[in-house]
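Single-structure report; data block below.
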Amino acid sequence: GAGAFAPASSVHRYPTKMQSSLEVVEDESTEADPYDAYETSFKQKKVATRDLKVGSGYTVGESEGQLLKIKYTAKLLDSKFTANMKAFNVEGMVFKTGQQRCLPGLEEGIQGMKLGGVRKVRVPPNKGYGDQWYRGIVPPSSHLEFEAELIDIAQNPAEEFKLKLEDFGYDRAAGATLCLAYLAVSPFIGNGGFAN
C-alpha cells in the first residue's frame, strides 16, 4: 500500500499485457464519401458515384466491348449558367464500351452497375467536356451530374443485333431494307428482267 500514496514522480508504471496488445484501428466510417466530398473546383479530378437503386444480373465491365443501353438525365453542378439541359435528357443511348462513344466520365461512372440499376455520377471537367463550350449548352470547365439507368446489356451477337435494331428503329430498318432490296433488283426491272 505505500506506493498508492507516493508522489506521481516516484511511481513506476509498467505496461500490462492488456495495454501492450492494444492496436490502433482507424475508423473507416470517418472517411468522407467521395460523392459527398465532391468539390466543384479545378482540384476535383475523379468521378464520384452514388447508387440510388442496385440492379441485378449482368454487370457493366464484366467483359470488354459490351453493348449497353442507358437512359440518363444531366445537370450542371454549381454553375453560374442556367443551361437548358433538356438536350441531355436521353431516353435511350446504345453504345459499346471502350469505343469513346460515351463521355469518358459517364462511362467510368457506370462501371460495376448491374442491369436495372440507377446511379448518380458526378463528372469533373477533365473527364467531361473540358475547357471548351459544348454545343453552346455546357460551359467550359463544367462539373456535371448524371442520373443514369442501365436498361440493357447485350450478352451475345443476337442480343447486340436486337439492341442495335431497337436503337435504329424498326420503321427505319424496314424502310432501309425495302430501299436496299429495290436497289438490288432495279437493274433487272424494266428490261424484261435482264440487264444489258
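Ignoring any ligand, DNA or RNA, what whole percent of the accessible area of segment 70-174 comes from carbon and sulfur when the probe is 1.4 angstrom?
Roughly 48 percent of what the probe reaches on segment 70-174 is carbon or sulfur.
Which whole-number value in Å³ per residue fits the convex hull of the alpha carbons of segment 71-179?
Spelled out: Cα convex hull of segment 71-179, divided by residues, is 129 Å³.
In this model, which of Lys96/Lys120; Lys43/Lys114; Lys75/Lys127; Lys43/Lys69 are farther than 23 Å apart at the alpha-carbon?
Cα-Cα > 23 Å for Lys43/Lys114; Lys43/Lys69; rest within.
The values are calculated or read from the model by the stated rules, or taken from the named source; none is laboratory data. Model, not experiment: these values are computed from the prediction. Just so you know, the surface numbers come from the protein's heavy atoms only, side chains and all, with ligands and any DNA or RNA stripped out. Shrake-Rupley method; radii C 1.70, N 1.55, O 1.52, S 1.80 Å.
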